[in-house]
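The values are calculated or read from the model by the stated rules, or taken from the named source; none is laboratory data. None of the values given here were measured: they were computed from a predicted structure. Here the Cβ positions follow ideal geometry from the backbone for every residue, glycine too, while neighbour counts run over all protein chains shown.
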Amino acid sequence: MNRRTFVKSSLAASAALAGPATLSASIPLTGEEPFKMKFATHLGMFKEHTGGDPILHLEFIHDKGFRAYEDNGMKDREEGLQRKMGKLMEVMGIEMGVFVAHKIYWNEPNLASGDENLREEFLQQIRESVEVAKRVNAKWMTVVPGHIDPRQDMGYQTAHVIESLRQASAILEPHGLAMVLEPLNFRDHPGLFLTKAAQAYEICRAVDSPACKILFDIYHQQITEGNLIPNIEKAWEEIAYFQIGDNPGRKEPTTGEINYRNVFQFIHDKGYTGILGMEHGNSKPGKDGEMAVIEAYRKVDVR
């Protein structure tokens, strides 16, 4: 069965779940060669082609060769839609990447504070996210420990975060799920507790659980500390997920200073077979801009 026939067969098999209007009826299918790396798109990246419809988005990206998808807002989607998307991804062989597991405290401390009520709020949201992960066949969920607590020494804050993550790991481990901790840069997100790869590595080693790993966002780490390949290598044992964005601009690879072809080749040669989330905007507007994103990934995919 060729790729075009497979896509049409997949859409027919999932029509009852996906609802009205399918890609095969509205956009010519090409069945492009799958990417070698598991680049994960997000909803809105191809809205000029799909109208922002999540079902059409999944059909479109499959046709263009992508085999992964991530969705920060998946937890807030209606349960029925979560199930539809999960079933369609299963049928089409699209792997689900991360979704955000909890409320992120951008401006005030939560996990770093050691406040028991805030910790329990976080843990309850992790429990809820287990059910979301089951509906969409996800393995990973993003966790951001939130803002620093300027009234406490960093050592105490770190201990509070580690304790919260240990308790969250105990919730996730029986289900084979993992939270991935995302260090964020100081320019876009000033005041956050977690900023560097080495800091995330230290915390994951202390938590000591397969359910607590690192989300290495290449865009954020280029801004925070650079030295990308050596830092990836040093943190390798604790990295479970990557995200992408060029700098400056946070657009697709080839639009900024990062040599993504070399970075991806290094990751590939280290044996990474996981997902790389395309967490960035498009450098150009319209359908042409969306096709430019696809072409950029063709240029930097591993050989």
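Could you list all residues from region 262-279 that are touching a strand residue (DSSP E or B) at 6+ places or on another chain (Cβ under 8 Å) and not hydrophobic (A, V, I, L, M, F, W, C)?
Going through region 262-279, the residues touching a strand residue (DSSP E or B) at 6+ places or on another chain (Cβ under 8 Å) turn out to be 264, 267, 272-279.
If the condition is that a residue be touching a strand residue (DSSP E or B) at 6+ places or on another chain (Cβ under 8 Å) and not hydrophobic (A, V, I, L, M, F, W, C), then Y272, T273, G274, G277, E279 are the ones that fit.
Anything in region 214-229 that is touching a residue at least 40 places away in the same chain (Cβ under 8 Å) and within 18 Å of V98 (Cα to Cα)? List them, or say none. Hits for region 214-229 are L215, D217, I218, Y219. Residues of region 110-158 that are out of contact with any helix residue (DSSP H, G or I) (no Cβ under 8 Å at 6 or more places or on another chain) and not in a loop (DSSP other than H, G, I, E, B): E116, N117, E120, E121, Q124, Q125, E131, W140, T142, M154, G155, Y156.
For (1) touching a residue at least 12 places away in the same chain (Cβ under 8 Å); (2) among the acidic types (D, E); (3) at positive phi, each residue gets a yes or a no:
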position	(1), (2), (3)
G146	yes, no, yes
D149	yes, yes, no
Q152	yes, no, no
Y156	yes, no, no
Q167	yes, no, no
P174	no, no, no
A178	yes, no, no
L181	yes, no, no
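Annotation note: of I294, I275, the sole residue that is within 19 Å of the chain's Cα centre (by Cα) and under 27 Å from P174 (Cα atoms) is I275.
Here A18 meets the list (1) crowded, with 22+ Cβ neighbours inside 10 Å; (2) among the hydrophobic types (A, V, I, L, M, F, W, C); (3) at pLDDT below 90; (4) closer than 30 Å to Q265 by Cα almost entirely, failing just condition (4). Applying the set (1) exposed (fewer than 15 other Cβ atoms within 10 Å of the Cβ); (2) touching a residue at least 24 places away in the same chain (Cβ under 8 Å); (3) in a helix (DSSP H, G or I) to R303 leaves exactly one unmet item: (3). Would you mind stating whether I267 is within 21 Å of V143 (Cβ to Cβ) and among the β-branched types (V, I, T)? No: the conditions fail for I267.
If I filter region 68-85 down to residues being closer than 13 Å to N137 by Cβ and of a type outside the set (S, T, Y), which single residue comes out as surrounded by the fewest Cβ atoms within 10 Å (Cβ to Cβ)? It would help to see each step written out before you state the result.
At the first step, the residues of region 68-85 found to be closer than 13 Å to N137 by Cβ are 68-71, 74, 82-85.
Checking which are of a type outside the set (S, T, Y) leaves us with 68, 70-71, 74, 82-85.
Numbers: A68: 22, E70: 26, D71: 24, M74: 27, Q82: 23, R83: 15, K84: 22, M85: 26.
Step by step, filter region 68-85, then rank; the result is R83.
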